[in-house]
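Here the structure comes first, spelled out in structure tokens, and everything after it is commentary.
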Amino acid sequence: MAEREQTVGRGALPSHTARRILRDVLQRGLESGDALADESRLIEHYKVSRGTLREALRLLSFLGAITIKSGPHGGPRLATPGPAVVGSAMGMVVQFRGATLRTVFEARTAIEPAVAALAATHRKDVDLERLDESVAALRAAQKVPGPEYAAQSGRFHLRVAEASHNEVLATVVPALGAMTTTVPWRYPRGSRPELTERISTVVEAIRTSDAATASSATASMFEWITEDLQRNQRAKMETRILWPDVDEVLTDQRYD
């Protein structure tokens, strides 16, 4: 048994080793795509067995922190975990806590207006370009059957979160969005044109750095959606959230 395995419980050792690897990555200033050391050097450095190291690397791979390629030029390379990791973990937790679609919309209604206000305060020119692209894509997809409009709507919310330049919110917002896809609810019938205009209003407020309007327009948009759901799809609103498949493509059933 390696020296390190004598001081840390065997069951906790792989996760302990994974955390040590990430701390070292941070201290060394490595970036996504950079290679870690080969297996033999990692074993020597962390004083663990081959099996423990491989479990630690599998954990990091599952969390999206590294990729592992086989072959002579393979091995572990640093990656950047995405919101899917958070969405999956949060989805599992809230499923066991009995969260419903209503509670997720309540959370989004509480959080996303503040995110839009931050975006109006901190946005950069590149953020405006991306938001304008979202509005243009939504207008183009309004009459196109299929998942494209729903996918573009999701990208809009992500881009607003990114424009806030708050790394926590840019992770949490798409995670919450992923949870709403586990229940087959529908937006108000014929809502694409109105939703696009509401989104355009939010973007214009962000463009002019009008935090108050960005917040109120976002809140109004969510209230419009949830009021219709409460009135016409009450059973859906009380349906429990499932552990989301965050990589699943949205279907066109959410829009009429």
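A few comments on the model shown:
- T180 closer than 19 Å to A219 by Cβ and modelled with pLDDT of 85 or more: no
- Verdict on A116 being within 17 Å of the chain's Cα centre (by Cα), within 17 Å of R198 (Cβ to Cβ) and in the same structural domain as L195 (by TED's automatic domain parsing): yes
- Scan of segment 161-171 for residues that are buried (at least 21 other Cβ atoms within 10 Å of the Cβ) and aliphatic (A, V, I, L, M), ordered by number: A161, A163
- Within segment 95-147, considering residues that are surrounded by fewer than 21 Cβ atoms within 10 Å (Cβ to Cβ) and of a type in the set (V, I, T), the one farthest from K236 (Cα to Cα): V126
- F62 meets each of the listed conditions (1) closer than 27 Å to M221 by Cβ; (2) without any contact (Cβ under 8 Å) to a residue 40 or more places away in the chain apart from (1).
- Among the residues of segment 205-236, the ones that are surrounded by 15 or more Cβ atoms within 10 Å (Cβ to Cβ) and acidic (D, E) come to 2 in all.
- Helices (runs of 4 or more DSSP H) enclosed by segment 31-97 - at least 3 residues per element that are among the small types (G, A, S): 50-62, 83-96
- Residue within segment 150-160 that is modelled with pLDDT under 90, touching an Asp or Glu at 6+ places or on another chain (Cβ under 8 Å) and either in the same structural domain as R240 (by TED's automatic domain parsing) or farther than 27 Å from G98 by Cβ (or both) present: yes
- Any hit, segment 22-38, residues being closer than 30 Å to A212 by Cα and at pLDDT below 90: no
- Single residue of segment 215-236 satisfying the filter (over 19 Å from T182 (Cα atoms) and touching a Pro at 6+ places or on another chain (Cβ under 8 Å)) that is modelled with the lowest pLDDT: W224
- Any chance S70 is touching a strand residue (DSSP E or B) at 6+ places or on another chain (Cβ under 6 Å) and in the same structural domain as S32 (by TED's automatic domain parsing): no
- Scanning segment 67-89 for residues that are surrounded by fewer than 15 Cβ atoms within 10 Å (Cβ to Cβ) and basic (K, R) turns up just one, K69.
- Of residues in segment 18-50 being surrounded by 12 or more Cβ atoms within 10 Å (Cβ to Cβ) and small (G, A, S), the one nearest to S88 (Cα to Cα): A18
- Selection from segment 119-167 of residues that are closer than 16 Å to P193 by Cα and among the aliphatic types (A, V, I, L, M): V135, A136, A137, L138, A140, A141, V144, A150, A151
The values are calculated or read from the model by the stated rules, or taken from the named source; none is laboratory data. Source: prediction; values computed, not measured. Cβ: placed from backbone, ideal geometry, glycine included. Neighbour counts: every protein chain shown.
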